[in-house]
Amino acid sequence: MLPIANRVQDNAYTLHGERVQLPLTSPDGSEYLHGQGWSSPWKIADRASKAVKLELRQNRDPAGYEFRAVLTLEHKSTGLYAQLQTDHFGARPRLYGLGFHPYFVTGPDDLLLIPAAGYFPDGPHYLPLDFSAAVPPQLDFTTARTIPDLFCNHCYSGAPGALLQRADGLRVKLTSTGSYLMLYHLPGGKFTALEPQTHPVNAANLPGRPGMSVLCPGLESLTFKFAVTAW
């Protein structure tokens, strides 16, 4: 997810007095969603037997997001390792925030643990309400518990990863260099998305812009790492 993960209120933000209007990247064309990376063609820059490096270049962007992104995926005996690096070369500074969007087949007896300090509840138009350290019991995964049969679209803070233990014995560990994790689950759904991000939803419009980076002209870069391993 790049150059900004998830959604942004009014599809815009203000930086140094400039109003930056983001492109509408959702499938129905109604809003900005996850940026351009997930729907753009990437080129193979390098490959090996157990690794691949993909590259995406965006030039002449109306919103000023001119960048080069490099995604490296490597399979090791211990799991899958990913690194996303974005270099900004636009004429004006821009806010950047990165993320990954893995999802896992899950069932009602699977256990999930998210070592979070609190969460941002999902609000109207899938934008977050204020941060809360008090998490409702059914959404509190600081100790392992089953995933509730509810619509979940919440961002957990202070959560660089998660542990998932399925009833079939599969146990996976997610780790990242970020501090935020999105939990997405549908009632009756057969999968759960656990999305590590550098920032919470709509961080571009939150006080202090938590987890976001201002990249200035001159090829300033941002790097985000993520891994899925056995435990």
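Only a single criterion out of (1) free of Cβ contacts under 8 Å to residues at least 12 places away in the same chain; (2) among the small types (Gly, Ala, Ser); (3) within 19 Å of Lys225 (Cβ to Cβ); (4) in contact with a Leu (Cβ under 8 Å, 6 or more places away or on another chain) is not satisfied by Gly37, namely (1). Could you please give the count of residues in the range 2-36 that are among the aliphatic types (A, V, I, L, M) and either touching a Lys or Arg at 6+ places or on another chain (Cβ under 8 Å) or at positive phi (or both)? Looking only at that region, the number is 4. A single entry from Asp110, Asp140, Asp168 fulfils the requirement of being farther than 30 Å from Lys53 by Cα, among the acidic types (Asp, Glu) and touching a residue at least 12 places away in the same chain (Cβ under 8 Å): Asp110. Scanning the range 1-25 for residues that are of a type in the set (A, V, I, L, M), surrounded by fewer than 22 Cβ atoms within 10 Å (Cβ to Cβ) and touching a strand residue (DSSP E or B) at 6+ places or on another chain (Cβ under 9 Å) gives Ala12, Leu15, Val20. Among residues that are touching a residue at least 40 places away in the same chain (Cβ under 8 Å), under 26 Å from Met182 (Cα atoms) and outside any loop (DSSP other than H, G, I, E, B), Tyr13 is included. Looking across the range 37-54, just one residue is under 23 Å from the mean Cα position of the chain (by Cα), over 23 Å from Gly97 (Cβ atoms), open to solvent by 90 Å² or more (accessible area, probe 1.4 Å) and not charged (D, E, K, R), and that is Ile44. Consider the range 166-189 and keep the residues that are of a type in the set (D, E, K, R) and in contact with a strand residue (DSSP E or B) (Cβ under 6 Å, 6 or more places away or on another chain). The one that is nearest to Ala203 (Cα to Cα) is Lys173. Residues in the range 101-126 that are open to solvent by 30 Å² or more (accessible area, probe 1.4 Å) and of a type outside the set (D, E, K, R): His101, Tyr103, Phe104, Val105, Pro108, Leu111, Leu113, Pro115, Ala117, Pro124, His125, Tyr126. Just to be sure before I move on: is Ala134 at pLDDT below 95, more than 27 Å from Gly35 (Cβ to Cβ), more than 12 Å from the chain's Cα centre (by Cα) and not polar (S, T, N, Q) in the structure I sent? So Ala134 does not fit the description; no.
Which of the following residues is part of a strand (DSSP E or B), surrounded by 16 or more Cβ atoms within 10 Å (Cβ to Cβ), on the phi < 0 side of the Ramachandran plot and not acidic (Asp, Glu): Leu95, Leu80?
Result: Leu95 is the single residue among Leu95, Leu80 that is part of a strand (DSSP E or B), surrounded by 16 or more Cβ atoms within 10 Å (Cβ to Cβ), on the phi < 0 side of the Ramachandran plot and not acidic (Asp, Glu).
Just one of the listed residues (Ala203, Ala193) is touching a Lys or Arg at 6+ places or on another chain (Cβ under 8 Å), touching a residue at least 40 places away in the same chain (Cβ under 8 Å) and open to solvent by less than 30 Å² (accessible area, probe 1.4 Å), namely Ala203. Being in a strand (DSSP E or B), without any contact (Cβ under 8 Å) to a residue 12 or more places away in the chain, acidic (Asp, Glu) and exposed (fewer than 14 other Cβ atoms within 10 Å of the Cβ) is a property that Asp130 lacks. Tell me which of these Lys173 doesn't satisfy, since it passes every other one: (1) open to solvent by less than 40 Å² (accessible area, probe 1.4 Å); (2) not in a loop (DSSP other than H, G, I, E, B). Answer for Lys173: the failing condition is (1).
The values are calculated or read from the model by the stated rules, or taken from the named source; none is laboratory data. Computed from a prediction, not measured in an experiment: that's the story for all the values here. Positions of Cβ are generated from backbone atoms using ideal geometry, with glycine treated the same way; all protein chains shown enter the neighbour counts. Keep in mind that these areas ignore ligands, DNA and RNA; they rest on the heavy atoms of the full protein, side chains included. Shrake-Rupley method; radii C 1.70, N 1.55, O 1.52, S 1.80 Å.
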